[in-house]
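Just so it is clear, none of the values below were taken in a lab; they were calculated from the coordinates. Given the structure is predicted, the values throughout are model-derived calculations rather than measurements. Because the Cβ atoms are built from the backbone with ideal geometry, glycine has one as well, and the counts that use them run over all protein chains shown.
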Amino acid sequence: MEFNNYISESCVIEDNAVFLSGENSFILDDANFSEFSKAVYKKFEIEYPKFFKMDNLSKLAFLSAELLLKEVVQSNEQENDIAVVFANRSSSLDTDVKYQESIASKDNYFPSPAVFVYTLPNICIGEISIKNNLKSENAFFVFEEFPAEFMMHYANNLLESEKAEKVLCGWTELYKENYRAVVYLVEKTSSNSFSKEHNIETIKQLYTNTLWTL
Amino acid sequence: MDALKQELKSKIIEVLNLEDIAVEDINDNDALFGDGLGLDSIDALELIVLLDKDYGIKLTDPKEGKNIFQSIDTMAAYITANRTK
């Protein structure tokens, strides 16, 4: 079944650069992810000290969602009806490994509660939901590759069944220094002049960061 | 005792990832939770690990933490009285 939904905003973060709806908004050379994510936080004047307690996957997902939603979410005083559907390949492996290292030695057995809480990939959705007062549907899937068709059907279903007014979709992959976030907002109406039809082709173009330049 | 208090402030900032907070910003009697430094329940668990790892103190009753972690003053006093390393 075909639905006429639209992609209205996007944020891509990769290779130490941020692209908002296709436009290169920030780049930082010669930095690791920790330095880069902190620089993005400062550059876009985000004020949320809990950011610095997050693991790297949550930082990546949080930044990509935050930069996109700052134009969409006017206030977090009231509940915002935006569902979140994310996926990635490595789940929370980056933090899982760090946690395992902290419990590997019987002589130095001091597991960190603050690390342990991030040993699930969907925690990053929780961070986004807390910040933006989202209490809507959310799901995090683990796939080998970006599941464009799956994401399209899932978002369409949420909108058509009126589970949410908008759906924040994304691929948020991170393992060690290899990372990539592609996050986009799907809604029923064409809310701005940049809106693109929500279909397989546009989602694939979005994933390769070529959608807005065509 | 003063050296221990300075050490605690430094460790808390590092272990709890308190960005943009310096040792000088924390007063000895500031509340660590609530309106003070604004620490949360996960931070409390991290402080329990810190006591164990760095000072050899195992808290058997987590409820004790409420009194111990009131401020730098109370933490330093408890550590001085109970440390094994």
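Tell me, A:152, B:75 in order of fewest to most beta-carbon neighbours within 10 Å? Intermediate results must be reported in sequence, preceding the final value.
On the way: A:152 20, B:75 24.
With the fewest neighbours first, A:152, B:75 line up as A:152, B:75.
Taken over the alpha carbons of the stretch A:166-214 as equal point scatterers, the Debye sum produces base-10 log I(q)/I(0) values at 0.23, 0.29 Å⁻¹ of -0.91, -1.22.
Starting from the exponent 0.38 and prefactor 2.2 Å, build the expected Rg for chain A from its residue count and divide its actual Cα Rg by it.
1.01
Relative to the 2.2 N^0.38 Å rule of thumb, the stretch A:116-214 has a C-alpha radius of gyration ratio of 1.13.
Annotation for residue A:34 and residue B:52: the two label points, set 7 Å from Cα along the Cα-Cβ direction, are 2.4 nm apart. From the backbone phi of the stretch B:76-82, what are the Karplus-calculated ³J(HN,Hα) couplings (6.51 cos²θ - 1.76 cosθ + 1.60, θ = phi - 60°) in whole Hz, Gly and Pro given as x? Listing the rounded values in order: 5, 5, 5, 5, 4, 7, 10 Hz.
The calculated FRET efficiency for residue A:150 paired with residue A:76, based on their beta-carbon distance and R0 = 25 Å, is about 0.30. For the stretch A:135-214, GluC sites (Glu not before Pro) meeting the loop criterion (DSSP other than H, G, I, E, B) and having at most 15 other Cβ atoms within 10 Å: A:144, A:145, A:162, A:165, A:177. Per the Debye calculation on chain B with a single equal scatterer at every Cα and no solvent contribution, log₁₀ I(q)/I(0) for q = 0.14, 0.18, 0.23 Å⁻¹ amounts to -0.41, -0.70, -1.23.
Step through the table entries A:106/B:66; B:11/B:63; A:42/A:204, compare each Cα-Cα distance with 25 Å, and write down the pairs that go over it.
Working: A:106/B:66 29 Å; B:11/B:63 22 Å; A:42/A:204 31 Å.
In this structure, A:106/B:66; A:42/A:204 lie more than 25 Å apart at Cα.
Take residue A:42, project a point 7 Å from its Cα along the Cβ direction, then tell me which residues of the stretch B:17-34 have their backbone nitrogen under 17 Å from it. Residues B:18-22 fall inside that zone.
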